Amino acid sequence: MSASPTSQLEDQAVGLRKMFEQSLPQVHVFACPSRPNAVLPLVQMLASDLATKGRRVLWVDEIDFPDREAWPLPRQVPFDLQRALDREVDLAQAVVPITSQLWYAFTRRKARDCDANLSQRLAQSGVDFDLVLVSARCKLDDTYAQYKNQVKLLLLSGAKADALSLTMAWVQNLHLSGGIDVSRVVFMGGANNGAGAELWQDVKTQLLPPGQGDDPAISLIPALPAKTKLASLWAKQTLFLEQLQRDFWKD
């Protein structure tokens, strides 16, 4: 039996939505629930490197002023990005250039339901980015639907019980909001890569039902001392940073 005209139209509409979604810039969220500001130097370094190599990058920064440990904003922004997503101001008033290839937006307002997410608004405005990188604030009410229907998450977590507990609580709540693809997990501290895989299985039980979801790439790096200043936090992680840059260059 052939499909009805209504069914065919619905299938075409679904196909068009998928094609449109695939054409939007991929959004990568960097999150460290046990020390959210740890991602600031990581995202800034990666965004600058990708822009230098010719990619068009938008960095969305969610880390609020009290949590930045004096890490400066790379540019002053007239308006919070969420105001642009809520159509209170033009998008151009919330997204500013750092270089010709790297742009920056800052937000600390809680996301609200809006008729278009950031990727869609960028497409509608004719602004073309290859990648959107988000330095995440890591609050329990987080959702990333305001950026894109489906985002990729790079998750950093300490390997000790207290840090893992924070990570599990945040990931579990985030999973309930949907639209999350955990692409890489980085455990800071631990004995070996086998230990990292075991730690991920503990976290995964909080994130996905048994048998669902692909396992992400897992990295295990030395613990980042809590008192280390942000400026030197990633100074000794050369191999990890190089691998991260290779991963993003393939996207």
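A few comments on the model shown:
- Residue within segment 228-250 that is in a helix (DSSP H, G or I), hydroxyl-bearing (Ser, Thr, Tyr) and at pLDDT below 80 present: no
- Residue 154 being out of contact with any helix residue (DSSP H, G or I) (no Cβ under 7 Å at 6 or more places or on another chain), on the phi < 0 side of the Ramachandran plot, part of a strand (DSSP E or B) and at pLDDT 85 or above: yes
- Note on segment 26-79: among residues that are assigned to a helix (DSSP H, G or I) and of a type in the set (D, E, K, R), the one that is modelled with the highest pLDDT is 49.
- Any chance residue 121 is more than 27 Å from residue 225 (Cβ to Cβ), of a type outside the set (Asp, Glu), touching a residue at least 60 places away in the same chain (Cβ under 8 Å) and open to solvent by 10 Å² or more (accessible area, probe 1.4 Å): no
- Looking only at segment 95-105, and only at residues there that are open to solvent by 20 Å² or more (accessible area, probe 1.4 Å) and of a type in the set (A, V, I, L, M, F, W, C), the one that is nearest to residue 127 (Cα to Cα): 103
- Pairs, first at positive phi in segment 159-182, second surrounded by 13 or more Cβ atoms within 10 Å (Cβ to Cβ), C-beta under 7 Å, six or more apart: 179/144; 179/145; 179/149; 179/150; 179/151
- Selection count, segment 46-76, where residues are open to solvent by less than 60 Å² (accessible area, probe 1.4 Å), closer than 16 Å to residue 102 by Cβ and in contact (Cβ under 8 Å) with a residue 60 or more places away in the chain: 10
- Candidates are the residues of segment 77-94 that are open to solvent by less than 10 Å² (accessible area, probe 1.4 Å) and without any contact (Cβ under 8 Å) to a residue 60 or more places away in the chain; the one that is farthest from residue 66 (Cα to Cα) is 84.
The values are calculated or read from the model by the stated rules, or taken from the named source; none is laboratory data. Only a predicted model underlies this, so the values are computations on that prediction, with no experimental measurement involved. For neighbour counting, all protein chains shown are included, and Cβ atoms are generated from backbone atoms with ideal geometry for every residue, glycine included. Keep in mind that these areas ignore ligands, DNA and RNA; they rest on the heavy atoms of the full protein, side chains included. Shrake-Rupley method; radii C 1.70, N 1.55, O 1.52, S 1.80 Å.
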